[in-house]
Amino acid sequence: MPQATERVSRSAADRIAWLVALAVLVFMAVFGFQAMRWSLAGGWQWLWMLVGVPFFGVFSVLSVLAVVTRLRERRRVRVALENMSLERGEGFRIGEPFELRLHATVPAAQESERTVAPERIAVRLVRRCVLDAADGTRSLAGECCDETIASREDARAGRVVYACELRAQSGRGDQTAQWSVELREAAGGSGEPLLVAALRLLPPR
């Protein structure tokens, strides 16, 4: 699933601690600069140069690095699901709508990242049947019979639920066909599906 990054939110205590540390670094850099100025007085005061140069050089660089690192600090936002299970009932009938519900959990976040569930998932109804070629060979061909977007309905305690409705149009009631549902990241996607679940075709009422 697509990934993104975001600024890391910090607590007030973290911000105060960072500002104090930055103030100490700036103070040491200013002290080094002042020591170099004292050394310009001549005489024995040139010894201040031995203190001022390393202090100013090291702590000024550390101050700049602290600010740049803070401004560029980001964490990854990982969009993912796991432990997916699909409620699809006993089966479906041609020409009648049927409801699907996907239950899943949001994976635990790793270091320097945040995990979230996708807002919506594309759901595709697929029919596969065996085709006989002129040379006597057989091949399995798939056809998308319906596609919709399952919106996230509920999210609590790391668990999410998606629901949608599909319908196979009349005229597609081949009893030898294999029916399945494919869950994808986006409508019209051509990559590997997130989940494939077989469906049972029920006889007409």
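For residue 53, the conditions (1) touching a helix residue (DSSP H, G or I) at 6+ places or on another chain (Cβ under 6 Å); (2) farther than 26 Å from residue 112 by Cβ all hold with the exception of (1).
Sort out which residues of region 1-23 are modelled with pLDDT of 75 or more, surrounded by 12 or more Cβ atoms within 10 Å (Cβ to Cβ) and within 25 Å of residue 117 (Cα to Cα), and write them in order of number. Listed by number, the list holds a single entry, 10. Checked against (1) within 30 Å of residue 122 (Cα to Cα); (2) assigned to a helix (DSSP H, G or I), residue 46 passes all but condition (1). When region 152-188 is limited to residues that are modelled with pLDDT under 75 and assigned to a strand (DSSP E or B), the one that is farthest from residue 198 (Cα to Cα) turns out to be 156.
Would you confirm whether any residue within region 51-69 is in the same structural domain as residue 15 (by TED's automatic domain parsing), of a type in the set (Gly, Ala, Ser) and within 19 Å of residue 8 (Cα to Cα)? Taking every residue of region 51-69 in turn, at least one turns out to be in the same structural domain as residue 15 (by TED's automatic domain parsing), of a type in the set (Gly, Ala, Ser) and within 19 Å of residue 8 (Cα to Cα). Of everything listed in (1) surrounded by fewer than 12 Cβ atoms within 10 Å (Cβ to Cβ); (2) not in a helix (DSSP H, G or I), the single unmet condition for residue 68 is (2). Being hydrophobic (A, V, I, L, M, F, W, C) and either outside any strand (DSSP E or B) or farther than 14 Å from residue 198 by Cβ (or both) is the filter here; which residues of region 99-108 pass it? Scanning region 99-108 gives 102, 104, 106, 108.
The numbered conditions (1) closer than 19 Å to residue 92 by Cα; (2) assigned to a strand (DSSP E or B); (3) modelled with pLDDT of 80 or more are all true for residue 142 except (3). At negative phi, touching a Pro at 6+ places or on another chain (Cβ under 9 Å) and not assigned by TED's automatic domain parsing to the domain that holds residue 10: does that describe residue 93? So residue 93 fits the description; yes. Taking the condition surrounded by fewer than 15 Cβ atoms within 10 Å (Cβ to Cβ) and farther than 16 Å from residue 149 by Cβ, does residue 99 pass? Against the criterion (surrounded by fewer than 15 Cβ atoms within 10 Å (Cβ to Cβ) and farther than 16 Å from residue 149 by Cβ), residue 99 does not qualify.
Collect the residues in region 122-139 that are basic (Lys, Arg) and at pLDDT 70 or above, keeping them in residue-number order. Once the filter is applied, which keeps residues that are basic (Lys, Arg) and at pLDDT 70 or above, region 122-139 yields 124, 127, 128. Can you find, within region 71-96, the residue that is surrounded by the most Cβ atoms within 10 Å (Cβ to Cβ) among those that are assigned to a loop (DSSP other than H, G, I, E, B) and within 32 Å of the chain's Cα centre (by Cα)? By that ranking, first place goes to 81.
Residues that are part of a loop (DSSP other than H, G, I, E, B) and free of Cβ contacts under 8 Å to residues at least 40 places away in the same chain were ranked within region 1-43; the one that is farthest from the chain's Cα centre (by Cα) is 42. In region 46-58, the residues that are at negative phi and without any contact (Cβ under 8 Å) to a residue 12 or more places away in the chain reach residues that are in a helix (DSSP H, G or I) and surrounded by 12 or more Cβ atoms within 10 Å (Cβ to Cβ) with C-beta atoms within less than 7 angstrom, at least six apart or across chains, in these pairs: 46/39.
The values are calculated or read from the model by the stated rules, or taken from the named source; none is laboratory data. Nothing here was measured: the structure is a model prediction, and the numbers come from that model. When we count neighbours, we look across all protein chains shown, and the Cβ atoms used for this are built from the backbone with ideal geometry, even at glycine.
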